[in-house]
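Q: The structure under discussion is supplied below as structure tokens; questions concerning it will follow.
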């Protein structure tokens, strides 16, 4: 795969990256997102763990859709949860937002995320809609 075969995703439907990275990259029929904080795109507010989880998943879905995928097409999610947070509330929101069959998932407990109010960050890999095993769409 060459650099020309990659497609970089940018959408106003999710928060603008705060650093030197893309919201997502499409390569080989997959959409790889950057980690998304649980920040309300319109107000910048974060809220508690349930609210942050909900917003992170909404932001991911918007980015995946901009790349030709969605949470329904996700094959892998990685969740970074701040140490001391109880995952029960996260799992409740996750069950409601991520359709079955649910993707593979990793939950990594970390001692710190960017910013003192950030409780969760989630990244995803999704299959592009219409992608087939022959590498065409």
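Q: What relative contact order, as a whole-number percentage, does region 3-127 give when Cα pairs under 8 Å and 6 or more residues apart are counted?
A: Details: 251 pairs, mean separation 39.7, N = 125.
For region 3-127, the relative contact order is 32 percent.
Q: Same structure, new question: Seen from all sides and averaged, what is the projected area of the convex hull of the Cα atoms in the chain, in nm²? If you can, show how the numbers build up before the last one.
A: Values: hull surface 34.1 nm².
The orientation-averaged projected area of the Cα hull of the chain comes to 8.5 nm².
Q: Report, to two decimal places, the Cα Rg of region 30-104 normalised by 2.2 N^0.38 Å (N = number of residues). Could the numbers behind the result be given before it?
A: On the way: Rg = 12.0 Å, N = 75, 2.2 N^0.38 = 11.3 Å.
In units of the globular-protein estimate, region 30-104 measures up at 1.06.
Q: What does the helix-only formula give at 222 nm for the chain: each DSSP H stretch with n ≥ 4 adding -39500 (n - 2.57), the total divided by the residues, and the result rounded to the nearest 500 deg cm²/dmol? Mind showing how you got there, number by number?
A: Numbers: 2 runs with 29 residues, N = 137.
My calculation for the chain gives -7000 deg cm²/dmol from helical runs alone.
Q: Quick one: of the DSSP bridges fully inside region 1-105, what percent are antiparallel, nearest 5? Don't jump to the answer; show the numbers that get you there.
A: Values: 7 of 9 bridges.
Counting DSSP beta bridges with both partners in region 1-105, the antiparallel share is about 80 percent.
Q: Arrange the peptides 22-32, 63-73 so that the one whose residues have, on average, the most other Cβ atoms within 10 Å appears first.
A: Details: 22-32: 19.5, 63-73: 22.3.
Output ranking for 22-32, 63-73: 63-73, 22-32.
Read-outs: derived from the displayed coordinates by stated rules, not from any lab. Since we're looking at a predicted model, the values are computed, not measured. Don't worry about glycine lacking a Cβ; one is built from the backbone with ideal geometry, like all the others, and counts go over all protein chains shown.
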